[in-house]
Every structure is written in C-alpha cells, then in structure tokens.
Amino acid sequence: MFAHLPLADGASVNDALTQIGFRRSQNIAYRPACETCEACVSARIPVTDYPFSRSERRVLDRNRDLSRHLVEAEATMEQFDLLRRYLLARHAEGGMADMTWPDYVAMVEDTTARTHLIEYRAPSDDRGPGDLIACVLVDVLTDGLSLVYSFYEPSLAKRSLGSFIILDHVLQAQMAGLPYVYLGYWVQGSSKMDYKARFNPVEVLRPGGWVLMAQRDRR
C-alpha cells in the first residue's frame, strides 16, 4: 500500500500516516498489505518515564565520548562512505547493497517531511569535527521522532551503536517533550529485527490500535 506526500502539506500527512503504521521513503509512504500475512507490524517506544535497564545504561556510558550533531538533511560523501561500509558489512545481500551516490542523495534530500540528520562523531585529536561513526535520518512528528534509516561503523561492534542510536533518541524525545520514538517495522522471529523487541516498554500496531507488548526482564 502506497501514498504520496503532497508538496503543500507533506509534513502533516507524514505525521498522520506514520501514526497509522506507514513508513516513509523519500516522498512515498508505504505499508505492507499482504493478503495471507500480517507479520510486519509497526513498533514504537513510549518514552515518558522510560526505565533504562542496566545494560542500556552501559550502552549509553560506552558512547558518552561521542558528540551529537543535528545537521540539515543534505547528503555528504562522508556519510555515503560510512553507509557503504555499513551495507557491505551488515547487509551485503540486501536490496540496498547496490545503493549509489544519487540514490543516497534522493533518500536524504527528496522529501517534504520535517526531517534532519543526526551525526555521531568520535573525539578529535586536532579540534576538528572528529570521525563520523554513526548517522541517522530522522523525521520530526507532532508526537515523536521517527527513525527513517540509521547506519554506523561496522568495525565498532563493542559500542552497540544500533542500540545506542535508539536510546539516544529516547533521550532526545524526552528532552523535546515528545511521547514516542518510532522504530519502523518489526517481524517476530526475524534475526535482523529482533533488536526492536528488546526495548521495554515497546508498543506495536495491531488492527485495533497501538498495544503494549508483553513486559520482558530488564537487565
């Protein structure tokens, strides 16, 4: 199922569609609509009073040396180089593995939604900006932050950068007074998506509306 985001009110349409389970790709919002399968469900974290577990606090502490930079949704070759390393290491067989520079520019810049990039940089030895080690494209909604796509340095596995990006956006949403962080689609049993179910609490979208998943141990 697809819907185009009109130029005049793309931001408000993106808000409404995200809240009912659509995801954005450039100026197209989409939602799986398979006749015999309902495995893909939207997931979001309610961030008010989010109880960070001990392991989540360790992830935040491990990355406390990184600097966070909010930048305009403008593609750079530095970001693209990081994306290529990430895709080749983590998703070499995926549909995005052959993404070109024009494809990346379109992904970042071709939109009427309220969006920006967050860059995470390592400490610099020469007062420069520091190496870019993680990046995420984020839509700003009336009720939260929607993580459109994130990528990071694959050689730094010990930092748990994928989880860190989500946890840091929980903090950002809390500071902005926004109630949710939208994570995109979750498929139960998918090894590439199981990480989304580790956040607690997390809500998923069912036919009757958003419901809280069963609580899990917090360690």
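Accessible area per residue for the range 58-132, computed on protein heavy atoms with a 1.4 Å probe, is 59 Å². Computed from the C-beta positions of Phe52 and Thr76, the FRET efficiency with R₀ = 22 Å rounds to 0.10. Rolling a 1.4 Å probe over the protein heavy atoms of the range 119-210, with every protein chain left in place, gives an accessible area that is 52 percent carbon and sulfur.
State the extension gain, in nm to one decimal, for the chain segment bounded by Ala16 and Leu212, taking 0.36 nm per residue of separation less the distance between their alpha-carbons.
68.5 nm
Based on every Cα atom in the range 77-190, Rg and the maximum pairwise Cα distance Dmax equal 14.8, 46 Å. One decimal place: the segment Leu88-Tyr195 gains 36.5 nm when fully extended, by the rule 0.36 nm per residue minus the C-alpha distance.
The values are calculated or read from the model by the stated rules, or taken from the named source; none is laboratory data. As the structure is a prediction and not an experimental result, all values here were calculated from the model. As a convention, Cβ positions derive from the backbone with ideal geometry for all residues, glycine included, and neighbour counts pool all protein chains shown. Ligands, DNA and RNA are stripped out before the accessible areas are found, and what is left, the full protein with its side chains, is counted by its heavy atoms. Shrake-Rupley method; radii C 1.70, N 1.55, O 1.52, S 1.80 Å.
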